[in-house]
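This report refers to the structure that appears directly beneath it.
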Amino acid sequence: MPIGIAASFRFAGPRKEKKKKLGGARMEPPPPPPPPSGTTVTQRDQWTVEQEVGRIYSFFAQLPPAAQSFALEVQRDNHIEYLTRGLRGLAPSFGSLDASRPWICYWIIHSLALLGEPIDAELEESIIDFLSRCQDPSGGYGGGPGQLPHLATTYAAVNSLITLGGSRSLSSINRDKVHNFLRQMKQPSGGFRMHDGGEIDVRACYTAISVASTLNILDDELAEKVGDFILSCQTYEGGIAGEPGSEAHGGYTFCGLATMILINEADRLDLSRLIDWVVFRQGVECGFQGRVNKLVDGCYSFWQGGACALLQKLHPFGLSEGGEDESTDSIDSSLYAASNVSEQEEQENNLESASPQVDGTCQFKQGGPQSASCSENTGNASYNFHERCAEGGSLFNSSALQQYILLCSQLPEGGFRDKPGKFRDFYHTCYCLSGLTVCQYSQSKHADSPPLPWDVVGPYSNLLEPIHPLHNVVLSKYQEANEFFRVASGFVHL
Amino acid sequence: MASSSSSSSEGEGRRAWVPLASRPEFAGVTPLPQDDGPSPVVAIAYRDDFRETMDYFRSLYSSRELSPRSLLLTSLAISVNPANYTVWHFRRQVLEALGADLTEELEFTEGVAKRNAKNYQLWHHRRWVAEKLGPDAASRELEFTRKIFCLDAKNYHAWSHRQWVLQALGGWEDELDYCAQLLKEDVFNHSAWNQRYFVITKSPSLGGLNAMRDSEVDYAIEAIHANPENESPWRYLRGLYNDENEAWLNDSRVHSACLHVLKAKRNFKFALSTLLDLLGLGFKPNQEIKDAITSLRTSDSGEAGSDSDLANSVCSILGREDPMRANYWTWRSSKLPQAAEV
């Protein structure tokens, strides 16, 4: 069935005539017409991107259904090949990432895990061995063997090892030493330095607290005043900045929000202003921008989309945690009234309008009573967080975002990119796929129930593995690691 | 002496790389290869000059040699990979040990910035240098960031740096004018709006938000009328009344501006969103505003009919006019107080 793609997507300029075909080769699109006069740099840049994206959507819209289906498919095999090749070796130009090799590991390994592709045992061994060499004797992981330990590369290494799973991988992490490293990076202000003598920002807070949480070493000392620091980074716009005073930014917003949730202080943020800021970051291109009046970028599919997913689970609007019978809640009943359509109608509506059009797209699904699976456990904030149910429907436009990811960011030959005109890379591959899985699972009523067919844009085989939304690690791997490190906390690590 | 500027050494490096093994200044240094293990992953096929530079760096780093040739080596290492934070960290240790002239260090970082102005390590290093130089460095830092903004008026690192400079070293006098200038060039430059907010709230010479609010409301509204589709002045306007809901409700300029935009019947989603926020806080609109909202309703089912509540009308209109956020408007509608005879 045809999917209306961004029919409301506006074209800023007149349609260009079709260019003559040049042989049988893949046709280059005609150059965009120049932007209207009297415009600013921001307007011109935005206009250019809208032209590019609009061309892609228009081209898609006139394809026959079979071709449309294909265009929306996740190119699993090609992505896997691209990723696996990167895991083995990289071109000289990667010298600029020579201090970020655990990141490259994580981007690739996490992407493969999202695609459900196992890594062969030999390669796994090599990864564990390599990351061990990045581990500093006094604690933490650096960007490569012999480099200074760094919070970001520690986060990447730990997440990589968790994603690999298995006791060999998990026991290769020296938890006590990591704990020492985190304590050394902790600052009196409440924040953390990225490395010895390094910068202090919200990213550092997130990487530190996320690692502490997954390794089960998060204590009061580490958590102390982190909330104060992050709170001071929430701006007048509603989003969160890297440092107090800077602009609200998608990456830091995810980091700040996730950290607050991990230390159980999310309610200290102005959540309504935060929600208002983040939902407005999704633009007419269907993807997310990182800041107000900046350009769309595929990686924000995760940073901003993921922030929305976290916000949905927070129930910040009067619902208390745990135990309460949500069927009597006025918010849930009014949502039920708003989306009071039959399942059949709903299905038809969603298949026909996976675009930001008027009616069917965003059926705000019924929240409804959730009972057991949503009851809050007073234990680990992180462990149970993923089990919380979204109120119903997603705060952001999930199908539109999936469209952007699949049609504008995905490269058929493998990999994902920021936007049309940019090159693919492993970072964008990781975060576009992470954003995609967030979209697919954003409307699930129950933590355990799989997404429904109309939650997934493209064929249902596009469905990726679900993640733990606070750590961005495949959920089953997180659970295995969580169990491992809970048990491990009774043991002294050599 | 210390910093052979990175740009010239990089140029040399590409054209005629002189192996470090042949350079007299590195005589006696045994290069230390990277310990990647027997079966490395994400292994980079380093260029020869890259590999050799880093092997020499590793050697001096591991022996903690804090000497002039170490300083030179960090310059070379930074030129092959400016993102290597270990190298920058070691460089700072060397600079301190040598008591080096940090003004030259500013030139060095400018060379690096030419190639990549979005590098975390560069800006962190610059901050470290400027802090050591003290308030005398302020004007040069402001000038440096200004140059960066000529190429990219939204460079996040540069803005953070500039804010840090103002707070740590001073130089506030011309900052509001600078914001005004940037906004004149591009009223959609949200970084400049953010900086403006920073200045009016933090500048010691302006009296703070309360003193500045009145004129800034006028400034924001003027920008709104020029481009109602520009999100920046709308957020700025809201921010001016951050925690002062009463004052925000009572400032007639705010809802007048919304009305003005609504009546033009185009680019009104932020106007409606603002009215929705106001209504949620108990705003009592006049008849003109009610009429303007009503005139935007269509006879679609779901908008007329049972919606006697104005706020619900606004949510419906927004759901239609701003379909990307249809779920959000539905949810906002559900949050409204149930009563509300308007």
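Bear in mind that the values in this text are calculations on the coordinates, not laboratory data. These numbers were taken from a predicted model, which means no experiment stands behind them. Don't worry about glycine lacking a Cβ; one is built from the backbone with ideal geometry, like all the others, and counts go over all protein chains shown.
Could you tell me how many degrees, from 0 to 90 and to the nearest 10, lie between the Cα long axis of helix B:102-115 and the main elongation axis, the longest principal axis, of the Cα atoms of chain B?
70 degrees
What is the average number of partner chain Cβ atoms found within 10 Å of a Cβ in B:189-195? Write down the numbers at each step before the final one.
Working: counts 5, 8, 6, 0, 5, 10, 3.
Taking all residues of B:189-195 together, the mean is 5.
Does a label point 7 Å from the Cα of B:R115, set along Cα-to-beta-carbon, have any residues of the stretch B:19-37 with amide nitrogen under 18 Å, and which are they?
B:19-20
Just the C-alpha atoms of the stretch B:184-272: what Rg/Rh do they give, with Rh taken as the Kirkwood radius? Write down the numbers at each step before the final one.
Numbers: Rg = 12.9 Å, Rh = 13.4 Å.
Rg divided by Rh gives 0.96.
How far is helix B:208-226 tilted, in degrees, relative to the longest principal axis of the Cα atoms in chain B, given as a value from 0 to 90 rounded to the nearest 10?
Helix B:208-226 sits at roughly 70 degrees to that axis.
Net charge near A:F396: determine it from the other residues with C-beta under 11 Å of the C-beta of A:F396, scoring Lys and Arg +1 and Asp and Glu -1.
Working: positive: A:R281, B:R325; negative: none.
After counting each charged neighbour, the total is +2.
So, in nm, how far is label B:R23 from label A:E221 when the simple model puts each one 7 Å beyond its Cα toward the Cβ?
4.3 nm
Relative to the first principal axis of the alpha-carbon coordinates of chain B, what is the inclination of helix B:138-151, with its axis defined by its Cα atoms, in degrees from 0 to 90 and to the nearest 10?
That helix lies at roughly 70 degrees to the long axis.
Report, as an integer, the average count of C-beta atoms from other chains found within 10 Å of each Cβ along A:244-253. Can you show the working numbers first?
Details: counts 5, 13, 12, 11, 3, 1, 0, 1, 1, 0.
Mean inter-chain Cβ contacts per residue within 10 Å come to 5.
For the pairs B:K202/B:K335; A:K422/B:K269; A:K177/A:K477; A:K313/B:K284; B:K118/B:K269; B:K154/B:K335, note any where the Cα-Cα span goes beyond 24 Å. Intermediate results must be reported in sequence, preceding the final value.
Values: B:K202/B:K335 35 Å; A:K422/B:K269 31 Å; A:K177/A:K477 22 Å; A:K313/B:K284 33 Å; B:K118/B:K269 34 Å; B:K154/B:K335 36 Å.
From the list (B:K202/B:K335; A:K422/B:K269; A:K177/A:K477; A:K313/B:K284; B:K118/B:K269; B:K154/B:K335), the Cα-Cα distance tops 24 Å for B:K202/B:K335; A:K422/B:K269; A:K313/B:K284; B:K118/B:K269; B:K154/B:K335.
Please compute the Kirkwood hydrodynamic radius of the stretch B:139-184 from all pairs of different C-alpha atoms, in Å with one decimal. Spell out each step's value before the answer.
Numbers: mean 1/r = 0.0937 Å⁻¹.
For the stretch B:139-184, the Kirkwood estimate is 10.7 Å.
Rounded to the nearest 500 deg cm²/dmol, what is the calculated helix-only ellipticity per residue at 222 nm for chain B, with -39500 (n - 2.57) per DSSP H run of length n ≥ 4?
Values: 18 runs with 222 residues, N = 342.
Computed ellipticity for chain B at 222 nm equals -20500 deg cm²/dmol.
Can you check what the net charge comes to around B:A247, using other residues whose Cβ is under 11 Å from the Cβ of B:A247 (Lys, Arg +1; Asp, Glu -1)? Intermediate results must be reported in sequence, preceding the final value.
Numbers: positive: B:R213; negative: B:D214, B:D243, B:E244, B:E246, B:D251.
Neighbourhood net charge equals -4.
Efficiency by 1/(1 + (r/R0)^6): what FRET value for B:T103 and B:E222, r their Cβ-Cβ distance, R0 = 30 Å, to the nearest 0.05?
On the way: r = 42 Å, r/R0 = 1.42.
The value I calculate is 0.10.
Take A:Y460 and A:E117, extend 7 Å from each Cα along the Cα→Cβ direction, and tell me the distance between the two endpoints in nm.
In this crude spin-label approximation the distance works out to 2.4 nm.
Please report the net charge: other residues with Cβ closer than 9 Å to the Cβ of A:C233, K and R +1, D and E -1.
On the way: positive: none; negative: A:D201, A:E243.
Charge balance in the 9 Å sphere: -2.
Looking at the stretch A:211-325 from every direction and averaging, what is the projected area of its Cα convex hull in nm²? List each step's numbers first, then the result.
Working: hull surface 33.1 nm².
Averaged projected hull area, Cα only: 8.3 nm².
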